[in-house]
Amino acid sequence: MEALELILFLLAAVVASSILDNLLPRLSLPLVQIALGALIAAFVHTPLESGLDPELLLILFIAPLHFNESRHADSGALWANRWGIASLAVGLVFAIIISMGFTLHALLPAIPLAAALALGAAMGSTDAVAVMELSKDFKFGQRHKTLLEGEAFFNDVTGTVVFQCAIAVALTGSFSLVHAGEEFALDLFGGLFGGLVMGALAWALLEFIRRLGIDNPTLHVTLELLLPFLIYLIAEHLHIGGVIAVVCAGMMMSLLPHRHTAQRARQKLQSRSVWETLSFVLNGVIFVLLGMQLPRVLMPATQGGLGDPLALIGVMLVLTFVLELVRFIWVLGMDAVDFRARKRSGKASSQARFFTRRELRNALAMTFAGPKGGITLSLMLTVPGALALVEGVAVRTTLISIASGVILFTLLLANFAVPLLVPHKHEAKKTKERVDAEARLLEAVIESVQQDAHFTGMVTADAPEDASEGTAAADEPATVIVMKRYADQLADLLPHASADVAAHGRAVVAACDTLYDSIDQLAEEVAELDDDNAEGEDALAVIDPSKLTAHFRMLRSVYDAVEDVQAQALVRELEIIKRMRAAGELTPDQAKQLRNDVYIQQMTLD
């Protein structure tokens, strides 16, 4: 029963966080979810008070999220930036391990160097979930976006292997470079090769099922949901990198050919909807769980159980500074190398300079966009109890508390610093040029709906005789309802449009509102069905059944006509998008997004 209550609390927290995210625009969704998790931990007794199973976190949350993201990742961009990704996933992780490990040992000499290096290794893994949220919300450059995604996919191996080696050294005092190299190679290359093979086998299985004639979208989506867990468990059984195997399997499945059929299109649409919902829930739950864990692991530090709380917080701040400084220097160096390569190849002007304000802002944004999170805390929670006390120092508790503080600080930096350095995608889309183009598109659609009123949506027998003469028939309910739908969309855009477009748009919206007000007789006819003298239960007795039936038939006719007019309007909208794209009024990306929106509306029409 407690487990069921925990699940309900987690789901309620995810839903509440989504609502609060709109009410608290300055806070990112992950921070809101962490705060709700901390509140749950403070006031509700849960089965997680004894700690979170790190392996359960990886298989239940990280595996499916990585699998879904890898299926939609740009494999070509990842391959083109493979050396940069390798630099972040290996070189940067080692730089962080060495710098943070020696810094911690210098600040707290009582902590063994091997244990301090283990903390640095745990800090090498960025939080993939937080990174994906940032890359979706903020407009990074294409190269930086690809590097962030690739780093989040592949840097877990380096940190995990070094962490395990450092813990072994802290426990036994011995270290084998050969053994560590074997572990790293097995995790990395074994995960890569094993993931590609399992991805190909999974694709072959799905294709085999289709060729048997079993093309049920629900069955295929269910198999897709099962695959990341199955692949991860097989990889763990083979002692290869489970997370990397899941990522490579997802990429392989996306690269292999798929037949383009109506059933395949339905399956893809259903799969995307299911995965979007699942990703939203899993993303939320993992941050809520992180929030539930942070108070428990930070409590000893705040209560003075690990010495002076202010001194320990100072250590957390220093380590966070060292972490971000090393990351910034590394990213800036990578950008400098890339700039020189583009300059040599002629892709950059010979007069261009590198150390500009824009380049520094981009490098700083990418630095703060690599926060730590669930994987880091999961690794720290696996620190064995044998390190609980070393020469009277609570090493395990101290390391976990410090790691939790650094996680919190990096998430805060990602929340407040990144928005100051790069634009939000929604804001980037609200440039006046883009908004003006979309406003003109909606105005053109409204005009086309009005012009088509003489042959679409007629639901009354007493249509005006001059219905074929342009706009006189636009008073007819179905046409006006569809015009009102587009006018509402236009009204939402006008605050962001240029002055001329906004003025013209307001006139169009006002005209549509006037037409819409003219069809209020539908509501008046409903009111006339009631007898003013009827009260209580006798009110139904005075309604004329024949009049009520006729009214409902009219409403049904209007509804059917609205569907017809809307379908015709969407066809017109596609034509106008094509025309505006050819004229250069819409960018290719904007036209593609608008077309996709139309396709979705067409598929949802009954």
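Just order 151-159, 360-368, 288-296 by mean Cβ neighbour count inside 10 Å, highest at the front, would you?
So the peptides 151-159, 360-368, 288-296, ranked by packing, come out 151-159, 288-296, 360-368.
Starting from the residue with the highest accessible area, list Glu324, Glu183 in decreasing order, probe 1.4 Å.
Numbers: Glu324 15, Glu183 65 Å².
I get Glu183, Glu324, largest accessible area first.
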Ranked packing of 509-517, 326-334, most packed first, by mean Cβ within 10 Å: 326-334, 509-517
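Order the peptides 592-605, 242-255 from the highest to the lowest mean number of other Cβ atoms within 10 Å of their residues. Could the numbers behind the result be given before it?
Details: 592-605: 13.0, 242-255: 25.4.
Final packing ranking: 242-255, 592-605.
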In order over segment 23-36: 3J(HN,Hα) from phi, Karplus 6.51/-1.76/1.60, θ = phi - 60°, whole Hz, x for each Gly or Pro, gives 8, 10, x, 7, 9, 6, 4, x, 5, 4, 5, 5, 5, 5
Over segment 6-112, equivalent-ellipsoid semi-axes from the Cα gyration tensor in Å: 31, 25, 16
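The values are calculated or read from the model by the stated rules, or taken from the named source; none is laboratory data. These numbers were taken from a predicted model, which means no experiment stands behind them. So basically every Cβ, Gly included, is an ideal-geometry build from the backbone, and we count neighbours across all protein chains shown. Heavy atoms of the whole protein, side chains included, go into the accessibility calculation; ligands, DNA and RNA do not. Shrake-Rupley method; radii C 1.70, N 1.55, O 1.52, S 1.80 Å.
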